[in-house]
Amino acid sequence: MDSNFKLFSGSSHKELSQAVAQDLGIQLGDIELSKFSCNEYYARINETIRGKDIYLLQTAGEFVNDDFMELFIIMDSLRRCSARTINVIMPHFGYARQDKKSAPREPISARLMADLLSTVDLDRLITIDLHADQIQGFFNKPVDHITTMPLFVDYFKKKELSNLVVVAPDTGRAKFTKKLSDKLGADLAIMHKTRPNHNVAEIVNIVGDVKDKTVLLVDDMVD
């Protein structure tokens, strides 16, 4: 393993970071993370990383705002330690659903998160199955957008499901669902969804035949 490479972890998913380090045959970087009594984050790097390429794993979990703020604090600490590059591994990119204006006077929060990461001096983002491909264009730095589709294709092929139809819950997932259905040799159906309120969805129509079929429903967010 390249000695110029170090993997650090935030607190959002330490188990995943440890599993990645184990697969790579390395130790996680030595970092001290804590909070002050007022809930401000604190981060200190406890080893020399001058001139090294740093990979920082911090996903957006249940407490997405805390996870982002801790990420920014760690990145600032890494930069002030003279890291050569800071490469953020964020399997779930928070605020990704807010990638466009769906109504007047709304923010585009996914772009805001991209701007904040760039301001803290991101060198590269590594993420998985973005809610919308266009989010890559919000960054002026490289984005490695990894897809998990081969894993799902292998898994469901082994299931040998008969009379299968792959269903997209809305038009936003239609592109991914079409690719998956083609690889599985299955039929395709698409739901027409409306959102009268946040976290409320209503299906008003289904394009395609699902009657008496085995349905594989594909979505990227469940909340």
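For the range 136-157, a residue qualifies if it is under 14 Å from residue 117 (Cβ atoms), assigned to a helix (DSSP H, G or I) and touching a Lys or Arg at 6+ places or on another chain (Cβ under 8 Å), and exactly one does: 138. Only residues that are closer than 14 Å to residue 44 by Cβ and in contact (Cβ under 8 Å) with a residue 60 or more places away in the chain were counted across the range 2-16, and they come to 2.
One residue stands out among those in the range 173-187 that are in contact with a strand residue (DSSP E or B) (Cβ under 6 Å, 6 or more places away or on another chain) and more than 22 Å from residue 133 (Cα to Cα): the one that is surrounded by the fewest Cβ atoms within 10 Å (Cβ to Cβ), which is 187.
Take the conditions within 22 Å of residue 143 (Cα to Cα) and over 22 Å from the mean Cα position of the chain (by Cα) and apply them to residue 83. Does it pass?
Working: within 22 Å of residue 143 (Cα to Cα): yes; over 22 Å from the mean Cα position of the chain (by Cα): yes.
Answer is yes for this residue.
For the range 91-135, a residue qualifies if it is in contact (Cβ under 8 Å) with a residue 24 or more places away in the chain and among the β-branched types (Val, Ile, Thr), and the qualifying residues are 120, 126, 127, 128, 135. For the range 55-77, the condition of being open to solvent by less than 30 Å² (accessible area, probe 1.4 Å), at pLDDT 95 or above, in a helix (DSSP H, G or I) and of a type in the set (Gly, Ala, Ser) holds for at least one residue.
Give the residue that is modelled with the lowest pLDDT, with candidates limited to residues of the range 188-223 that are in a strand (DSSP E or B) and buried (at least 16 other Cβ atoms within 10 Å of the Cβ). Working first, answer last.
Here is the first cut: in the range 188-223, the ones in a strand (DSSP E or B) are 188-197, 200-207, 214-217.
Next, only the ones that are buried (at least 16 other Cβ atoms within 10 Å of the Cβ) stay: 188-191, 193, 216.
Values: 188: 95, 189: 94, 190: 93, 191: 90, 193: 75, 216: 95.
Applying the filter and picking the extreme gives 193.
Within the range 27-54, restricting attention to residues that are free of Cβ contacts under 8 Å to residues at least 40 places away in the same chain and part of a strand (DSSP E or B), the residue that is most open to solvent (accessible area, probe 1.4 Å) is 44. Note on the range 78-95: residues that are among the hydrophobic types (A, V, I, L, M, F, W, C), surrounded by 20 or more Cβ atoms within 10 Å (Cβ to Cβ) and part of a loop (DSSP other than H, G, I, E, B) total 2.
The values are calculated or read from the model by the stated rules, or taken from the named source; none is laboratory data. Note that this is a predicted model, so its numbers are computed, not measured. All Cβ positions, glycine included, derive from the backbone under ideal geometry; neighbour counts span all protein chains shown. These area figures cover heavy atoms from the full protein model, side chains too; ligands, DNA and RNA do not enter into them. Shrake-Rupley method; radii C 1.70, N 1.55, O 1.52, S 1.80 Å.
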